[in-house]
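Rule-based calculations on the coordinates, nothing more; no lab input. Predicted model only: the values in this text are computed from it and were never measured. All Cβ positions, glycine included, derive from the backbone under ideal geometry; neighbour counts span all protein chains shown.
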Amino acid sequence: MKKNIQKTKLQSSTLATKPFSFEQHIHWLLMLGALILYGWTYTFDFGLDDSYITGQLAKIGTGFNDFLSIFTRWYDGTDYRPITIVFFWLERKLFGEISPDTSHLINAIFYGFLLIQLYKIKKASKLFGGFFYTKTIYINEIVQFLYFLQVQ
């Protein structure tokens, strides 16, 4: 019995001195990276197309059926962007109003979650086999960061 207690103490003290593992903290690092790259956009104003979409929200109520109607609406007969409208609709529902700073911050957080999910999918799918499997995933995530930085 005494031997088991000593073994448990030894194991717990070993965990405290465990070196930093990139793999264990990748989710936090991806979210932090997304916030560092895009968090500062909260200072931006709406673009021309954002103002158009927020203007269309006046025609949509706040009920569940109104939410579902977003996926069947075409604005001006040519514009179908349900995901953009859903984000604005949710912001209005949660915060009572739509503001550029909140919208941009929500998008930066959503981008972080998207990167985390893409990482999980890549890791689970094992598209990159062999010796370079994990190295390729990390390089791919960095390339995605840089690509979206350039696109935005």
> For Asn107, what is the net charge nearby, where nearby means another residue's Cβ is under 12 Å from its Cβ and Lys, Arg count +1, Asp, Glu -1?
Replying inline: -3
>> Show me the three semi-axes of the equivalent ellipsoid for segment 20-109, from the C-alpha gyration tensor (sqrt of 5 times each eigenvalue), largest first, rounded to whole Å.
In response: 30, 15, 12
